[in-house]
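Visitor: Just passing along the structure, written as C-alpha cells.
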Amino acid sequence: MKTITPLFLVVLFFVSLTGCKTETRKDQLNSEPVKTVTEETEKQGQAFIKDDESRPNVLNIAIGSKDHTTLVTAVQAANLENALVNAGPLMVFAPTNAAFDALPAGTVENLLKPENKESLANILKYHVTPGNYSKDFLKKFKKLGQSNGVDVAISVKDEDVFIGEAKIVASIPAGNGIVHVVDKVLLPPTN
C-alpha cells in the first residue's frame with residue numbers, strides 16, 4: 001500500500017480550492033449582472049452632504065443667515081461651495097446683503113452672469129484667508145494673504161478692526177474656521 005506524502009496533500013488541497021473558486025466564478029458569470037445606477041447631478045461634493053450633528057462650517061453659517069443671501073447666491077454662481085467646506089481652517093469675511101446693495105447699480109447682477117464667473121470667483125476668494133483668528137488677534141497683523149493670492153490691509157480704528165475698508169461687525173465660530181461679518185464688499189485691486 002502506498003503512503004500519502006505531505007506534498008501530495010498540499011497539492012490536493014490547492015486543487016480543491018482552485019476548483020471551488022472556479023465554480024464560484026462560473027456561478028458569478030452565469031448570474032444576472034448587477035446593475036449600478038450612478039446619478040449624475042450638477043451639485044456634487046462635500047458641500048452637499050447633509051450633516052445635522054457637526055458644528056456648522058463656514059458655508060452652512062452663510063446659508064443659514066438671512067443677511068447673507070446675496071453672498072450665498074454669488075458663491076453658488078462661482079461654484080465655490082466645496083472650497084468653503086474643506087477642513088480649513090478658513091476665515092471668511094462675509095459681506096452682508098446691505099454691503100452688496102451698496103455696490104454701484106447692476107454690479108452684482110453683472111457679476112452673476114456665467115461669462116463673469118472667473119471675475120466673481122476672484123472677488124469671492126479675496127474674502128477668504130487660511131487661518132482661524134479672532135477679531136482681537138487680527139489686530140496684530142498689518143495685512144493678510146487672501147485665497148486669490150492678493151494681500152489685503154488690516155487696520156484698527158479705536159477698537160474696530162477693518163479688512164481693507166470693511167469693518168468686522170460680528171464673528172461666528174465655525175467647524176472649519178470662523179466667519180467675520182463685514183459691512184462692505186472687498187474688491188481686489190486691479191492691475
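Visitor: Given Lys142, Lys113, Lys125, Lys157, which one is loosely packed, with under 12 Cβ neighbours inside 10 Å and closer than 15 Å to Ala74 by Cβ?
Guide: Step by step, each of Lys142, Lys113, Lys125, Lys157 is checked, and only Lys113 is loosely packed, with under 12 Cβ neighbours inside 10 Å and closer than 15 Å to Ala74 by Cβ.
Visitor: Every residue in region 86-110 that is open to solvent by 80 Å² or more (accessible area, probe 1.4 Å) and touching a residue at least 60 places away in the same chain (Cβ under 8 Å), please. Give the steps one after another, and end with the answer.
Guide: Start the filter on region 86-110 by keeping residues that are open to solvent by 80 Å² or more (accessible area, probe 1.4 Å), which leaves 87, 101-102, 104-105, 109.
Correct list: Ala87, Ala102.
Visitor: Check Lys113, Lys125, Lys142, Lys135 and return the single one that is within 21 Å of the chain's Cα centre (by Cα) and among the basic types (Lys, Arg).
Guide: Working: Lys113 fails: within 21 Å of the chain's Cα centre (by Cα); Lys142 fails: within 21 Å of the chain's Cα centre (by Cα); Lys135 fails: within 21 Å of the chain's Cα centre (by Cα).
Exactly one residue qualifies, and that residue is Lys125.
Visitor: Any residue in region 66-82 that is open to solvent by 60 Å² or more (accessible area, probe 1.4 Å) sitting within a Cβ distance under 6 Å of a residue that is among the hydrophobic types (A, V, I, L, M, F, W, C)? List the pairs, counting only those 6 or more apart or interchain.
Guide: From region 66-82, the pairs are Asn82/Ala47.
Visitor: Continuing with the same structure: May I ask you to list the residues in region 174-191 that are open to solvent by less than 40 Å² (accessible area, probe 1.4 Å) and either of a type in the set (Gly, Ala, Ser) or not in a loop (DSSP other than H, G, I, E, B) (or both)?
Guide: So in region 174-191, the residues open to solvent by less than 40 Å² (accessible area, probe 1.4 Å) come out as 174, 176-182, 185-186, 188.
Scanning region 174-191 gives Ala174, Gly177, Ile178, Val179, His180, Val181, Val182.
The values are calculated or read from the model by the stated rules, or taken from the named source; none is laboratory data. These numbers come from a predicted model, not from an experiment. FYI the Cβ positions are ideal-geometry reconstructions off the backbone, even for glycines, and counts take in every protein chain you see. For the accessible areas, the whole protein counts, side chains as well, though only heavy atoms, and no ligand, DNA or RNA atoms are used. Shrake-Rupley method; radii C 1.70, N 1.55, O 1.52, S 1.80 Å.
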